[in-house]
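A short worksheet on the structure shown next.
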Amino acid sequence: MGTAGDRYDEIGCSYSRTRREDPRIAAAILAAVGPGWTLNVGAGSGNYEPRDRPVVAVEPSAEMLRHRTRERAPAVRSIAESLPFADKTFDTSLAVLTIHHWTDPAAGLREMARVSDRQVVFFFEQHVTHSFWALDYFPSARSLPTETAPPGEQFLRELLDVIDVTPVPVPRDCVDGFGVAFWARPEAYLEPDVQAGMSWLAMLSDQDRQDGTSRLRTSLESGDWDHQYGRLREQDAFDGGYRIAVATTAT
Ligand SMILES: C[S@@+](CC[C@H](N)C(=O)[O-])C[C@H]1O[C@@H](n2cnc3c(N)ncnc32)[C@H](O)[C@@H]1O
């Protein structure tokens with residue numbers, strides 16, 4: 001199955017401890033997904049999957065598939081780059097926080113357009129995420145393969161007929177522990193479970209992760225973090241670079 005499944009066979013073991021859907025972000029994603037049949041690509045444990053519409057999931061990692069409970073939609077073990085479905089099988093295909101992990105994102109997005117009339121992608125803009133304060137404590141994260149050139153809006157517009165791109169602010173008490181989720185709760189980035197649930201921290205070498213954790217701990221204990229970023233603790237929401245793109249190939 002290649003690196004796609006392998007990466008999440010490692011990261012996936014503790015995924016559900018810190019990764020569960022945030023209701024406000026779910027509402028934004030589900031509003032973008034149309035009625036009818038949905039294909040959830042890179043579906044993982046099933047977060048952000050519609051519950052009131054018929055869904056089929058695609059996921060390459062056996063470990064992530066293991067996290068899918070009985071109530072979740074049926075899943076096929078496959079990759080975005082080669083979707084095992086006939087043209088226009090689905091009304092909507094959905095990809096949430098996954099395209100930066102794909103070996104060939106262009107091929108995967110073309111496949112989504114082939115098998116569905118509408119495509120909904122929840123992704124992040126690298127030029128915003130790279131300025132996130134936590135990366136200054138873990139600077140080698142900027143060089144990870146998933147972070148050096150993740151597909152952003154421009155890339156999506158080259159591949160899909162994008163009709164809308166909407167920023168999705170991350171609430172201060174976001175319950176899904178993805179990359180920027182703890183922007184106002186810096187102490188969380190010291191916790192091993194939180195680190196294990198975020199690919200940008202989980203994929204660092206042990207040494208880099210330990211060094212970054214020590215730097216952040218020292219900065220919090222000395223008050224430096226609060227001196228520089230303390231105003232964030234009072235803010236309700238934050239633009240961490242997350243966006244929803246909607247595209248359509250329906251005529
Ligand atoms: C951060 S998780 C997101 C899972 C889920 N969409 C969510 O929001 O919780 C990224 C997922 O993408 C999957 N993935 C990685 N490479 C893939 C590929 N080439 N095609 C489809 N899915 C892939 C991983 O196995 C993992 O389950």
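The values are calculated or read from the model by the stated rules, or taken from the named source; none is laboratory data. On a predicted model such as this, the values are computed, not experimentally measured, just so you know. In this analysis, Cβ positions are derived from the backbone assuming ideal geometry, glycine residues included, and neighbour counts consider all displayed protein chains.
Side notes on the structure shown:
- Test: residue in the stretch 128-147 that is modelled with pLDDT of 95 or more, among the acidic types (Asp, Glu) and either in a loop (DSSP other than H, G, I, E, B) or near the ligand (Cβ under 9 Å from one of its atoms) (or both): no
- Residue selected from the stretch 113-128 under the condition of a type outside the set (Val, Ile, Thr) and either without any contact (Cβ under 8 Å) to a residue 40 or more places away in the chain or touching a Phe, Trp or Tyr at 6+ places or on another chain (Cβ under 9 Å) (or both), by the criterion surrounded by the most Cβ atoms within 10 Å (Cβ to Cβ): Ser116
- Conditions (1) within 9 Å of the ligand (Cβ to nearest atom); (2) surrounded by fewer than 23 Cβ atoms within 10 Å (Cβ to Cβ); (3) not in a helix (DSSP H, G or I); number of the one not met by Glu63: (3)
- Close pairs (6 angstrom Cβ cut-off, 6 or more residues apart or separate chains): on the phi < 0 side of the Ramachandran plot in the stretch 52-68, of a type in the set (D, E, K, R) and near the ligand (Cβ under 10 Å from one of its atoms) anywhere: Val55/Glu49; Ser61/Asp9; Glu63/Asp9; Leu65/Glu59
- Filtered by the rule that a residue be more than 14 Å from Tyr8 (Cβ to Cβ) and polar (S, T, N, Q), the stretch 46-75 gives a lone residue, Thr69.
- Checklist (1) within 11 Å of the ligand (Cβ to nearest atom); (2) closer than 17 Å to Thr92 by Cα; (3) surrounded by 22 or more Cβ atoms within 10 Å (Cβ to Cβ) applied to Thr38, failing item: (1)
- Residue tally, condition of a type outside the set (Gly, Ala, Ser), part of a strand (DSSP E or B), more than 8 Å from the ligand (Cβ to nearest atom) and surrounded by 18 or more Cβ atoms within 10 Å (Cβ to Cβ), over the stretch 66-108: 4
- The residue of the stretch 19-52 that is nearest to Leu201 (Cα to Cα), among those that are within 16 Å of the chain's Cα centre (by Cα) and of a type in the set (Lys, Arg), is Arg19.
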